[in-house]
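Here the structure is laid out as structure tokens; the discussion comes afterwards.
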Amino acid sequence: MISSIQALMSNALPSMLSSLAGMAGGGPLLFIHWNPDPVALAIGSFGIRWYSLCWCIGLLSVFVLEAKLFKEQNIPDEKFEPLFIYSFLGILIGARLGHCLFYEPGYFLSSGKHVIEMFLPIRFMADGSWKFIGYTGLASHGGTIAFIFALWLYSRRMKVPYLTVIDNIGIVTPLCAAAIRMGNLMNSEIIGKPTDVPWAFIFEQVDQLPRHPGQLYEALAYLTFFVIGWIIYRRHPQRVGTGYFFGLCIFLIFTFRFFIEYTKEVQVSFENGMIFNMGQLLSVPFILVGGYWVWRGSRHGLQS
């Protein structure tokens, strides 16, 4: 993981800094020209993309920290190991279906072939052939819903209290979310609206307009939320199992997500003209549920 981070800094940061241009007073503002190669490592025709690498870094970080929490709480090792499989499949399947059903239902539900494309990382071509394209659309709201359900299945199968499972996940999840958003940044996707703030990014793979780096905003926010949750856990470990940390995680992430959407470009055309876009509408139930569990867990903590 450390070597991957070093590679990121050595490859992306110098090109970013070398692209700063502008002059003080009256001249153009300082904008960051952003055009990294989305492939982090290429071996012949095979390439590892930064997005995939960031996902792996995030999942590995969560895996290590989650193992530490289980050990501190005296949960047997054999009950921890299956958690990764449940979590990975839940997030991937839910995020994929969430994108297809929330953002592009007209396409993916229009034919049997397109339904297949929801589940397999391929695209059927006009001549009847198919092409491997990877999963090009993942929605965090769908991933969260399926993730919560997958953790319920894990809890029933492994006989670990459900609130304990989701609280431990809630403590470490923001770290993975931050890594994923860095992957979006390296892919120059989920771009922000045009702006003249001096830290604006010009995503050269998209256009030449300075835009809000919404992915970076989210990555920094989620990293901060991880630190907050970890500090609270260290001071109040008795709150694990009350739903408090689960609620805190989704309340902070989706409240921030609601407001950061105002700096982002719409992802699909039907959002144009909407008072609240799809991401904001889908965030509201999570904010309410998260707020409830923070309140409930806080009361339990005071009584403990």
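Mind telling me which of the residues 39, 115 ends up being more than 30 Å from residue 160 (Cα to Cα) and in contact with a Lys or Arg (Cβ under 6 Å, 6 or more places away or on another chain)? Walk me through how you get there before you give the answer.
On the way: 115 fails: in contact with a Lys or Arg (Cβ under 6 Å, 6 or more places away or on another chain).
Only one candidate qualifies: 39.
Residues in region 176-187 include none that are assigned by TED's automatic domain parsing to the domain that holds residue 117, touching a helix residue (DSSP H, G or I) at 6+ places or on another chain (Cβ under 7 Å) and not hydrophobic (A, V, I, L, M, F, W, C).
So residue 217 ticks every box in (1) among the aromatic types (Phe, Trp, Tyr); (2) in contact with a His (Cβ under 9 Å, 6 or more places away or on another chain); (3) over 19 Å from residue 164 (Cα atoms) but one. Which box is left unticked? Every condition holds for residue 217 apart from (2). For region 90-104, check the following and say yes or no: at least one residue is assigned to a helix (DSSP H, G or I), exposed (fewer than 12 other Cβ atoms within 10 Å of the Cβ) and hydrophobic (A, V, I, L, M, F, W, C). No, that holds for no residue.
Search region 208-266 for residues being of a type in the set (S, T, N, Q) and either under 19 Å from residue 175 (Cα atoms) or outside the structural domain of residue 174 (by TED's automatic domain parsing) (or both), and hand back the single one that is surrounded by the fewest Cβ atoms within 10 Å (Cβ to Cβ).
Taking region 208-266 as the starting set, the residues that turn out to be of a type in the set (S, T, N, Q) are 208, 215, 224, 238, 242, 255, 263.
Imposing the further condition that a residue be either under 19 Å from residue 175 (Cα atoms) or outside the structural domain of residue 174 (by TED's automatic domain parsing) (or both) reduces the set to 215, 224, 255.
On the way: 215: 25, 224: 14, 255: 17.
Looking at the filtered set, the residue picked out is 224.
Scanning region 197-207 for residues that are outside any strand (DSSP E or B) and within 16 Å of residue 217 (Cβ to Cβ) yields 197, 198, 199, 200.
The set of residues from region 220-244 being polar (S, T, N, Q) and not in a helix (DSSP H, G or I) comprises just one member, 242. Do we find a residue being over 16 Å from residue 88 (Cβ atoms), surrounded by fewer than 17 Cβ atoms within 10 Å (Cβ to Cβ), in the same structural domain as residue 246 (by TED's automatic domain parsing) and over 19 Å from the mean Cα position of the chain (by Cα) anywhere in region 121-142? Checked region 121-142: no residue is over 16 Å from residue 88 (Cβ atoms), surrounded by fewer than 17 Cβ atoms within 10 Å (Cβ to Cβ), in the same structural domain as residue 246 (by TED's automatic domain parsing) and over 19 Å from the mean Cα position of the chain (by Cα).
The values are calculated or read from the model by the stated rules, or taken from the named source; none is laboratory data. Source: prediction; values computed, not measured. Ideal geometry is used to build each Cβ from the backbone, glycine not excepted, and the neighbour counts take in all protein chains shown.
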